Amino acid sequence: MEVDRDANGPVIRYLGDSAISVEFGDRIDAGLVSRVHAFDAALNQLCLVGVIETVPTYRATTVHLDPLRADVREIEAAVLRLAATERDASGPAGQLWEVPVAYGQDFGIDLDDVAAHAGMTPSDLIEAHADPEYLVAMVGFLPGFSYLSGLDPRLSMPRRSEPRARIPASSISIGGQQTAISSIEGPSGWHVIGRTPVRPFQLGRMPEFLFEPGDRIRFRPVSAREWSQLDRDAARGALIAKSIE
Amino acid sequence: MIALEIVQCGPGVSVQDAGRFGFRRFGVSTAGAMDRRALALANTLAGNPPDAAALELPLAGAELRVIGGPVLVAAHGPGTTLAVSGRPVSESSSVQLEDDDTVTIGPPQEGVYSYVAVAGGILTRPVLGSRSCHRRSGIGGDVLSPGDRLPCIGSSDNAPLFLTEGMKDYGRDAIRIVPGPQADHFEEATWSRFLSSSYRISPRSDRMGLRLEGPALRSSKGHDIVSEGVVPGSVQVPGDGNPIVLGRDCQTTGGYPKIATVISADLDRLAQVPIGRDVRFRVVSEGDAIDAARRSARWHSSLGLAAKPVSGSSPDLHSHNLIGGVTKGDDP
C-alpha cells in the first residue's frame with residue numbers, strides 16, 4: 001500500500017459528496033508541503049465549476065465541492081492532469097512577510113523552558129527561532145491560526161501535558177516539530193515563546209486575513225517597547241506585518 | 001426598530017443560516033443550521049427563501065416578545081410547538097404577531113433543534129457573508145440570552161402561510177455513509193463491527209460534533225494522522241475508539257483518522273437524533289451520495305411553491321388536516 005507518491009502522483013480520496021482530498025503523502029515534510037501549495041495555487045487558477053473552496057494542509061489539499069454543480073469525475077480528471085503537469089514546477093511564491101516578535105518574559109512565558117529543553121541559552125533560542133524562513137503550511141484550528149513549517153529540529157518539544165484554557169491572541173508557540181502564530185485567544189497545549197503585535201485575523205480590516213497557506217514568514221525580534229508601539233498601531237487597523245516580496 | 005426579544009431561553013441559542021463559505025482556508029468554520037431542512041421549512045412558512053437567518057434553539061423551548069411589529073413568525077422542528085398568548089398554532093403554519101405579543105416555542109420533543117423564522121429573516125449584521133454564529137471563534141456573534149433583541153423588518157401585508165406537503169417524519173433508517181479518507185486504517189473486522197452495531201448519541205454532543213458511544217473502533221495505524229481538511233459529517237475516530245461525527249461548527253482541519261463521511265443529505269436527520277437514542281450506519285457509493293444531495297436540493301427549492309396563504313383573518317388552523325402525506329424515508 002505504501003507507494004512512491006512522487007512517482008505516481010496524488011491519491012484522491014472522498015469526503016462523502018461534499019469534498020475530495022488530493023493527498024500527496026502522509027508525513028510532515030518540507031518537499032511535500034511545497035508541492036501541496038504549488039498544486040493548490042494552480043488548482044485555484046483553473047476555477048473549476050462546482051469547487052467552493054480549497055483547504056491546503058501539510059500533505060493534502062481538500063477540495064470542497066457543491067454536489068449540485070460539480071461533476072466529480074471531471075474534477076478528478078482535471079486534478080490528475082494538473083498534478084502530472086505541475087510536478088516539475090518550482091514552488092509557488094506566496095507573499096513573504098516580516099513579522100515582528102517580542103520574545104520571552106510576559107510575551108513568551110515558556111521561552112526559558114523551551115531553551116532548557118533544547119539545551120540552549122534563551123538568546124540562542126531566539127536566534128534559532130528567528131533565523132529560518134518559514135512556510136505557512138496550513139491555517140486551521142481557529143480563524144487565522146497559522147501553522148508554520150521550517151522549525152529548527154533542535155527547537156522541537158512535545159506539547160504540554162496539560163493544555164492551557166487560554167493563551168493570548170497573536171502568540172508565537174512551539175508544539176512538537178511545529179511552530180505557529182495564533183490569531184485570537186484560545187486554548188493551547190503548545191509552549192508560548194513570544195508574541196507579535198500583528199493580528200493575523202481582524203474583522204473590519206482589509207484584508208481581514210493576512211497569512212494565506214503558501215505564504216512565507218520571517219520573524220524580526222523586537223523590544224517590549226517597540227511591541228507596545230506596534231500593538232497600538234495594529235489595534236487601529238494597521239497591518240504591521242510587512243510584505244517584503 | 002422592529003425586533004424579536006428573547007424573554008426566556010435555554011443555553012446555546014444562536015442565529016443560523018446556510019453557513020459561511022469561502023474562508024475555510026483561513027480556518028473559518030462554516031457554522032450554519034444543524035438541520036437545514038427544518039430551517040428551510042420554518043423559513044418557507046415565514047415567506048422567506050430556505051436559507052434566511054433564523055433562530056436555532058437546541059433542546060429547550062423559548063419565549064419571545066415582539067417589539068414593534070406586526071411580524072410574521074413560524075417555528076419548525078421535530079415535535080416543536082408554537083403558541084401565541086397560550087393559544088397553539090399548527091406546526092405547519094405561520095402566525096402574524098403584533099407589538100408586545102408573546103410567543104412560546106415548546107421544546108423539540110422528538111428531536112434536538114427547533115428553528116424560529118421571521119418574515120424578511122433575522123437581520124443581524126452579516127460577518128464574512130453569513131449571519132451564522134460560530135461560538136468558538138465569536139464570528140457571527142455570541143450565543144443569545146434573555147434580553148437580547150434580534151432586528152427584523154415588519155410584515156403588515158404578509159398573510160400567514162401553511163404547508164400542505166413536505167412536513168415529513170425523519171424516519172429511523174440507517175444513516176448513510178461513504179468510506180472515509182482513512183477507511184483502510186480500519187481492518188475488515190473493525191468495519192463489520194462498525195456497520196453491525198448501534199451507536200448511542202452521547203450527551204456530550206454539540207454543534208461541533210456528535211459523540212457516539214458503542215463498540216470501540218481501533219485504527220491499525222494509530223489514532224494520530226498529520227492534520228488535513230475535514231467536512232461536517234466526517235466520522236473521526238480518536239484514541240478511545242468512540243467515533244465523533246463532526247457537526248456544522250467543526251474545525252476546518254483535523255488530526256484523527258476518518259473512517260467514513262456521513263452523506264450531506266443525512267446530516268439534518270442525524271443532527272435531530274435525540275441524545276440517548278441509537279443510530280446505525282450503512283455504506284453507499286459516492287454516486288448515491290451525490291444523487292441524494294441533488295434530490296434534497298430539489299426539494300429545498302420546491303418548498304416555496306408548496307406554501308399557501310391561510311385564508312381568513314383568524315384561521316382555526318386546527319380544523320385543517322395540514323400535515324397531509326406524512327411519509328418516512330431517507331430523503332426529504
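General observations
- Scanning the stretch B:68-97 for residues that are in contact with a helix residue (DSSP H, G or I) (Cβ under 6 Å, 6 or more places away or on another chain) and not hydrophobic (A, V, I, L, M, F, W, C) turns up B:HIS76, B:GLY77, B:SER90, B:SER93, B:SER94.
- Within the stretch A:30-82, considering residues that are part of a loop (DSSP other than H, G, I, E, B) and touching a residue at least 60 places away in the same chain (Cβ under 8 Å), the one nearest to B:SER264 (Cα to Cα): A:THR57
- Unique match (being free of Cβ contacts under 8 Å to residues at least 24 places away in the same chain and not charged (D, E, K, R)) among B:GLY171, B:GLY239: B:GLY239
- Subset tally (residues that are within 11 Å of chain A (Cβ to nearest Cβ) and either without any contact (Cβ under 8 Å) to a residue 40 or more places away in the chain or crowded, with 22+ Cβ neighbours inside 10 Å (or both)) for the stretch B:11-22: 1
- The one condition in (1) more than 22 Å from B:THR164 (Cα to Cα); (2) at pLDDT 95 or above that B:SER85 fails to fulfil: (2)
- Considering the conditions (1) in a loop (DSSP other than H, G, I, E, B); (2) out of contact with any Leu (no Cβ under 9 Å at 6 or more places or on another chain); (3) assigned by TED's automatic domain parsing to the domain that holds B:ALA271, B:PRO232 is excluded by exactly one of them, (2).
Residue-wise test of (1) free of Cβ contacts under 8 Å to residues at least 60 places away in the same chain; (2) assigned to a helix (DSSP H, G or I).
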position	(1), (2)
B:THR30	no, no
B:ALA33	no, no
B:THR44	no, yes
B:GLY47	no, no
B:GLY69	no, no
B:LEU72	no, no
B:GLY79	yes, no
B:PRO88	no, no
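- Residue that is farthest from the other protein chains (Cβ to nearest Cβ) [pool: residues in the stretch B:235-253 that are closer than 17 Å to B:SER29 by Cα and part of a loop (DSSP other than H, G, I, E, B)]: B:GLY247
- Count of residues meeting criterion [within 14 Å of chain B (Cβ to nearest Cβ) and crowded, with 22+ Cβ neighbours inside 10 Å] in the stretch A:113-160: 13
- Of B:SER220, B:SER302, all but one fail to be surrounded by fewer than 23 Cβ atoms within 10 Å (Cβ to Cβ) and touching a helix residue (DSSP H, G or I) at 6+ places or on another chain (Cβ under 7 Å); the exception is B:SER220.
- The single condition among (1) part of a strand (DSSP E or B); (2) surrounded by fewer than 20 Cβ atoms within 10 Å (Cβ to Cβ) that B:SER145 does not satisfy is (1).
Table: residues versus (1) under 25 Å from A:PHE24 (Cα atoms); (2) charged (D, E, K, R); (3) at pLDDT below 90.
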| position | (1), (2), (3) |
| --- | --- |
| B:GLY233 | yes, no, no |
| B:ILE244 | no, no, no |
| B:LYS258 | yes, yes, no |
| B:LEU270 | no, no, no |
| B:ARG295 | no, yes, no |
| B:HIS318 | no, no, yes |
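- Restricted to the stretch A:164-245, the set of strands (runs of 3 or more DSSP E) holding at least 3 residues that are under 18 Å from the mean Cα position of the chain (by Cα) and crowded, with 24+ Cβ neighbours inside 10 Å comprises A:171-175, A:178-181, A:191-195.
- The stretch B:203-215 - residue that is touching a residue at least 24 places away in the same chain (Cβ under 8 Å) and within 18 Å of the chain's Cα centre (by Cα) and, of those, surrounded by the fewest Cβ atoms within 10 Å (Cβ to Cβ): B:PRO203
- Conditions (1) outside any strand (DSSP E or B); (2) of a type in the set (Ser, Thr, Tyr); (3) surrounded by fewer than 24 Cβ atoms within 10 Å (Cβ to Cβ): number failed by B:SER132: (3)
- Among (1) of a type outside the set (D, E, K, R); (2) more than 12 Å from every other protein chain (Cβ to nearest Cβ); (3) out of contact with any Phe, Trp or Tyr (no Cβ under 7 Å at 6 or more places or on another chain); (4) more than 24 Å from A:GLY144 (Cβ to Cβ), the one test that B:TYR256 misses: (4)
- Taken over the stretch B:270-293, residues that are of a type outside the set (Asp, Glu), surrounded by 15 or more Cβ atoms within 10 Å (Cβ to Cβ) and within 14 Å of another protein chain (Cβ to nearest Cβ) amount to 8.
- Any hit, the stretch B:188-197, residues being under 27 Å from A:TYR58 (Cβ atoms) and in a helix (DSSP H, G or I): yes
The values are calculated or read from the model by the stated rules, or taken from the named source; none is laboratory data. Note that the structure is a prediction, hence the values are computed from the model and not measured. All Cβ positions, glycine included, derive from the backbone under ideal geometry; neighbour counts span all protein chains shown.
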